[in-house]
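Report on the structure given below.
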Amino acid sequence: MNERTMTEEQHFEQMIEEESICINDNIVYDKPETLTDTPMHYCPGCGHGVAHRLLAEVIDELDIQDKTIGVAPVGCSVLAYNYLNIDMQEAAHGRASAVATGIKRVLPDKFVFSYQGDGDLAAIGTGETIHTCNRGENILIVFINNGIYGMTGGQMAPTTLPGMKSTTSPNGRDIITMGNPLKITELIAQLPGTYYVTRCAVNTPVNVRKAKMALKKSFEYQKENKGLCFVEIVTNCPSNWKMSPLESNKWLEENMLPFYPLGDIKKPTN
Amino acid sequence: MAKVKGDIIIDIEKCKGCELCKAACPQESLELSRKLNTKGYHYIVKIEDNCTGCTNCALVCPEGIIKVYRKTEKKKEQVATISNVTGDITVTVNS
Ligand code: SF4
Ligand code: SF4
Ligand code: SF4
């Protein structure tokens, strides 16, 4: 269509279109400041990146960047401190919640969280996890559950689904010989020490928004000294599930979410 | 009537071509490039000019590399059309 055949209205529309709207006044979404510019080492499509970004967004919104201390685990997210511009401490495998306990007790005014995968939190760190929750430490535990050992190459984790293939269960997890998947989130929700226990995902825009709300609430409860908050985020592991990122999100929805249903498992009572 | 117009800027060098943003876009505005970035990934480009600035793509992007802009344009009310002008029209152009 050339200029001459345009109606006035079309011409006006074109004028609007030609003018770029990419100016600061019009920004509706930008990466949070607390997230560094370092390119992440995670595989394409891995949910860790979204979980990191949500933590950073919440820290920015609550304006607690200088008061937050994170504890990184062993696993794929061992380098989380490269991406979150806050004070961070690395813990020995599975011990992140115990380290977080120590930090919070010495520095009770800080916002303390641990960030752990399923191999870290629900296998080698089961003891620490249960006792930290049972003591009701005033911290946030972020639990990334993708049902597999990511960093070490896709071995079976306690959270691996029945029938799910991994390098150590090549024919699928057989519950008779390998036991049932551990729903550690439901388990710790039983303990009187936990205040808020919820399960989220980051596979769709709606779930991303909900996960962010859960993290934000947890930091707010921590400010009010309410006790332990536990946020499980069910994620994908495209590399070790041996799928494309899109296939992995579909598989997550069809297999992980029916077994690990989303929603609050323990709602705050007071 | 207000017109909503969105736009996005993608840091293509950090894109890993996972296509999660493409799947999340209700307007189907996004597509993988044929070219590779320096990391060796096909990156995401905007192929349509119909973005509404809904932020879905930015929310699901694991790399946090999508910036979203949105502007609501109020259409100017039409005061006169050529057909119903009766007298002379003087046009002054300030350059
Ligand atoms: S191995 Fe799995 S969990 Fe680890 S970064 Fe890759 S996709 Fe993510
Ligand atoms: S902001 Fe919304 S409409 Fe625009 S490209 Fe992203 S997902 Fe598509
Ligand atoms: S979600 Fe992010 S990393 Fe993945 S293809 Fe889109 S822009 Fe690239």
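The values are calculated or read from the model by the stated rules, or taken from the named source; none is laboratory data. Note that the structure is predicted; figures quoted are calculated from it, not measured. Here the Cβ is made from the backbone with ideal geometry for all residues, glycine too, and neighbour counts use every protein chain on show. For accessibility, only protein heavy atoms count, side chains too; no ligands or nucleic acids. Shrake-Rupley method; radii C 1.70, N 1.55, O 1.52, S 1.80 Å.
List the GluC sites (Glu not before Pro) in region A:28-110 that DSSP assigns to loop (not H, G, I, E or B) and whose Cβ has at most 14 other Cβ atoms within 10 Å. Which are they?
Here the GluC sites (Glu not before Pro) that fit, given the DSSP loop and packing criteria, are A:Glu33.
Could you let me know the centre-to-centre spacing of region A:36-71 and region B:1-36, using Cα atoms, in angstrom?
22
For A:Thr68, enumerate residues with amide H under 5 Å from its amide H, sequence gap 5+ or separate chain, H modeled in the peptide plane.
Excluding prolines and chain starts, which carry no amide H, the hits are A:Asp87, A:Phe111.
Along region A:253-264, what does the Karplus equation 6.51 cos²θ - 1.76 cosθ + 1.60 (θ = phi - 60°) give for ³J(HN,Hα), rounded to whole Hz, x for Gly and Pro?
My calculation for region A:253-264 gives 5, 7, 10, 6, 5, x, 7, 10, x, 7, x, 6 Hz in order.
For chain A, what does the helix formula give at 222 nm: sum of -39500 (n - 2.57) over DSSP H segments with n ≥ 4, over the residue count, nearest 500 deg cm²/dmol?
Theoretical 222 nm ellipticity from helices: -9500 deg cm²/dmol.
Go through region A:193-202 residue by residue and turn each phi into a ³J(HN,Hα) via Karplus (6.51, -1.76, 1.60, θ = phi - 60°); whole Hz please, and just put x for glycine and proline.
3J(HN,Hα) across region A:193-202, in whole Hz: x, 7, 9, 9, 10, 9, 10, 10, 8, 10.
Using modelled amide H (1.01 Å from N, peptide plane; none on Pro or chain starts), what sits under 5 Å from the amide H of A:Gly117, excluding residues fewer than 5 places away?
Hits under the 5 Å cutoff: A:Ile144.
Note down the magnitude of the dipole of region B:3-73 about its Cα centre, charges +1 on Lys and Arg C-beta and -1 on Asp and Glu C-beta and zero elsewhere, to the nearest 20 debye.
120
On a 0 to 90 degree scale, rounded to 10, what angle separates helix A:96-106 from the longest Cα axis of chain A?
90
For the pairs A:Lys165/B:Lys46; B:Lys35/B:Lys74; A:Lys104/A:Lys217; A:Lys183/A:Lys242, note any where the Cα-Cα span goes beyond 26 Å.
Values: A:Lys165/B:Lys46 37 Å; B:Lys35/B:Lys74 38 Å; A:Lys104/A:Lys217 18 Å; A:Lys183/A:Lys242 23 Å.
Exceeds cut-off: A:Lys165/B:Lys46; B:Lys35/B:Lys74.
Cut-off 10 angstrom, C-alpha nodes, Gaussian network model of chain A. Which of A:Val99, A:Val28, A:Val206 fluctuates the most?
In this elastic network of chain A, the residue with the biggest mean-square fluctuation among A:Val99, A:Val28, A:Val206 is A:Val28.
For the protein assembly as shown, report the accessible area per residue in Å² (1.4 Å probe, heavy atoms, rounded to an integer).
49
Just which residues of region A:225-270 lose 50 Å² or more accessible area with every protein chain there, against their chain alone, with the probe set to 1.4 Å?
For region A:225-270, once contacts with the other chains are taken into account, A:Leu246 lose 50 Å² or more.
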